[in-house]
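Written below as structure tokens is the structure these notes are about.
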Amino acid sequence: MRARREAEFARSSKDSVDWEKRKAGFDAAYGKWHTEEARIDNAYQTAMADYANRKAAYEKDKAEYAAASFLHRQLMKEPVDPGVAPVREANKLSKPADLDGRPAALIAEIDRAGCFAYSAVNGATANDLPGMLPIELREERRARFMEVAERVSAAKLQRRIGATMQVLIDSAPAMGRKGGVGRSYADAPEIDGSVQLLPPEKASKTLSTTR
């Protein structure tokens, strides 16, 4: 049994190292791709703004040229259409495919875990850290993490059905004669789950266990 557990731990550790290496490679490749996307977007927006200005000036000059008399036109330069709008440059870097997530062995026993996608906070030095991933990718990873955490938590809660445990009573109408609501030692109020207590056959004034 010990040898099998050691083998599983070694395999899990190797999977973790391999995953971290793949994640580092993905982050580097995605960072380059995203930087190139930002450069292309900026160049395209600049070109479009310049085109819009030239197009507006052309339409204005065209109207003035058309309204001018024949003799006046001889002194004017005929407006030149700026042509078609600029086309956005294609990104020559391939967008890397996102990782499949950590190996199953590393998340199999996760419980009561939560995470959040980092968002800028006024005055925080972390705002200036390089390699910040776009908010869309952060939210996608957060959602994937929480999906796994919720599945594992639900499975663990399912195993508690029928178990006997001590609970903290938060609400017990009529001194508990109408049942109540409590929570286990590991549950935070208004955050984690609750334990619904059925009305007892005989109210007890001492600490008791519940199923």
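The values are calculated or read from the model by the stated rules, or taken from the named source; none is laboratory data. Every value quoted in this text rests on a predicted model; they were computed, and no experiment measured them. No Cβ is skipped: glycine too gets one built from the backbone with ideal geometry, and neighbour counts run over all protein chains shown. The accessibility values were calculated without ligands, DNA or RNA, using every heavy atom of the protein model including side chains. Shrake-Rupley method; radii C 1.70, N 1.55, O 1.52, S 1.80 Å.
The table below gives the values:
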{"read-out": "Odd one out for VAL152, checked against (1) modelled with pLDDT of 80 or more; (2) open to solvent by less than 50 Å² (accessible area, probe 1.4 Å)", "value": "(1)"}
{"read-out": "Residue count for the range 110-160, restricted to those that are assigned to a helix (DSSP H, G or I) and aliphatic (A, V, I, L, M)", "value": "11"}
{"read-out": "Subset of the range 24-49 (residues that are free of Cβ contacts under 8 Å to residues at least 12 places away in the same chain and either open to solvent by 80 Å² or more (accessible area, probe 1.4 Å) or over 29 Å from ILE135 (Cβ atoms) (or both))", "value": "THR35, ARG39, ASN42, GLN45, THR46"}
{"read-out": "Identity of the residue in the range 1-56, under 30 Å from the mean Cα position of the chain (by Cα) and of a type in the set (Asp, Glu), that ends up modelled with the lowest pLDDT", "value": "ASP15"}
{"read-out": "Test: residue in the range 79-93 that is of a type in the set (S, T, N, Q) and either out of contact with any helix residue (DSSP H, G or I) (no Cβ under 6 Å at 6 or more places or on another chain) or modelled with pLDDT under 80 (or both)", "value": "no"}
